[in-house]
1. Would you please list the contacts, defined by Cβ atoms under 8 Å and residues six or more apart or on different chains, that run from a residue in the stretch 12-35 that is more than 21 Å from residue 83 (Cβ to Cβ) to a residue that is assigned to a loop (DSSP other than H, G, I, E, B) and at pLDDT 50 or above?
2. Can you tell me which residues in the stretch 100-115 are more than 16 Å from residue 39 (Cβ to Cβ) and surrounded by 11 or more Cβ atoms within 10 Å (Cβ to Cβ)?
3. If I ask for residues that are within 24 Å of residue 101 (Cα to Cα) and surrounded by 15 or more Cβ atoms within 10 Å (Cβ to Cβ), which ones from the stretch 48-85 would you list?
4. Anything in the stretch 89-122 that is in a strand (DSSP E or B) and out of contact with any strand residue (DSSP E or B) (no Cβ under 8 Å at 6 or more places or on another chain)? List them, or say none.
């Protein structure tokens, strides 16, 4: 897997991370009335990171989870560690961790409610386009819809 496909999983420096545009999904799940919610992070080559908790799939998120986004920050590497804070209208959450074998492990501290945790994220593919199969004359139409 290359850095251009998933991003940060093999990065050890800011310069390597800048070539990455990726989506990471937490391995932990919040369940509310039977609906599964995941925490997502998206890293951009310019150092921007955005985050959201959603029940959506990576394909769903592609439509709206882009910068500018209200829950945003800037990431940097300090040695082998990645650090960033996400700030929203509600407040700030700090993240500090490492990427080892395609697992992003982050210590999390919310300044909003005092929540602290250790979260693990894995890269997930965010599709460049959604494919909609439309069967037209001769059963041969396949249309790609850009986001």
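The values are calculated or read from the model by the stated rules, or taken from the named source; none is laboratory data. Values in this document were obtained by computation on a predicted structure and should not be read as measured data. With ideal geometry, Cβ positions are generated from the backbone for all residues, glycine too; neighbour counts draw on all protein chains shown.
1. Taking only residues 6 or more apart or on different chains, the pairs are 35/55.
2. Going through the stretch 100-115, the residues more than 16 Å from residue 39 (Cβ to Cβ) turn out to be 100-102, 111, 114.
Across the stretch 100-115, the qualifying residues are 102, 111.
3. Within the stretch 48-85, 48, 49, 50, 51, 52, 58, 75, 77, 82, 83, 84, 85 qualify.
4. Taking the stretch 89-122 as the starting set, the residues that turn out to be in a strand (DSSP E or B) are 91-100, 103-110, 116-122.
Once the filter is applied, which keeps residues that are in a strand (DSSP E or B) and out of contact with any strand residue (DSSP E or B) (no Cβ under 8 Å at 6 or more places or on another chain), the stretch 89-122 yields only 100.
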